[in-house]
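So the structure is just underneath, and the comments pick up after that.
The values are calculated or read from the model by the stated rules, or taken from the named source; none is laboratory data. Note that the coordinates shown come from a computational prediction; the quantities given were computed from them, not determined experimentally. Using ideal geometry, Cβ is built from the backbone for each residue, glycine included, and neighbour counts are taken over all protein chains shown. Just so you know, the surface numbers come from the protein's heavy atoms only, side chains and all, with ligands and any DNA or RNA stripped out. Shrake-Rupley method; radii C 1.70, N 1.55, O 1.52, S 1.80 Å.
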Amino acid sequence: VQLVESGGGLVQAGGSLRLSCAASGSTFSIKVMGWYRQAPGKQREMVATITSGGGTTNYADSVKGRFTISRDNAKNTMYLQMNSLKPEDTAVYYCNTRETGSSHWGPGTQVTVSS
């Protein structure tokens, strides 16, 4: 599975961005997709995940009510709609997939929120 993120950028606090993650390759094997982020000097953390078929979602407490994860299986693409962005949301955002016995990461996209 190959992953490419897009949609990052610079936005003012309170603004919105939508991230996309395009998957290719053995996409039929994907069980769970998710967004993770890593800020400078911090560990990578889970932001949101979504299951392949049922669309069950899970969010970090810090983004609940502000971020929405979704996926379009026909396009093999996952999205992260980010609203009411805060400076503490500044990080590199990574797309992740989990299959039976393996996991894949995209190269990441930078999101910077100015105060």
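What number of residues in region 2-36 are open to solvent by 50 Å² or more (accessible area, probe 1.4 Å), within 11 Å of the chain's Cα centre (by Cα) and over 16 Å from W105 (Cα atoms)?
The number of residues fulfilling the criteria is 1.
Out of the residues in region 68-93 that are surrounded by fewer than 21 Cβ atoms within 10 Å (Cβ to Cβ) and in a strand (DSSP E or B), state the one that is farthest from the chain's Cα centre (by Cα).
Here the residue is D72.
Please determine, by comparing only the residues of region 103-115 that are assigned to a strand (DSSP E or B) and in contact (Cβ under 8 Å) with a residue 12 or more places away in the chain, which one is farthest from G41 (Cα to Cα).
H104
Give A48, A39 a once-over and let me know the one that is open to solvent by less than 30 Å² (accessible area, probe 1.4 Å), under 19 Å from L17 (Cα atoms), under 13 Å from the mean Cα position of the chain (by Cα) and small (G, A, S).
Sole residue among the options that is open to solvent by less than 30 Å² (accessible area, probe 1.4 Å), under 19 Å from L17 (Cα atoms), under 13 Å from the mean Cα position of the chain (by Cα) and small (G, A, S): A48.
If you scan region 51-67, which residues turn out to be surrounded by 13 or more Cβ atoms within 10 Å (Cβ to Cβ) and at pLDDT below 95?
T51, S52
Filter region 50-63 down to the residues that are within 16 Å of Y36 (Cβ to Cβ) and in a loop (DSSP other than H, G, I, E, B) and list them by number.
Scanning region 50-63 gives A60, D61, S62, V63.
Across region 21-47, what is the total count of residues that are over 19 Å from T112 (Cβ atoms) and assigned to a strand (DSSP E or B)?
The number of residues fulfilling the criteria is 7.
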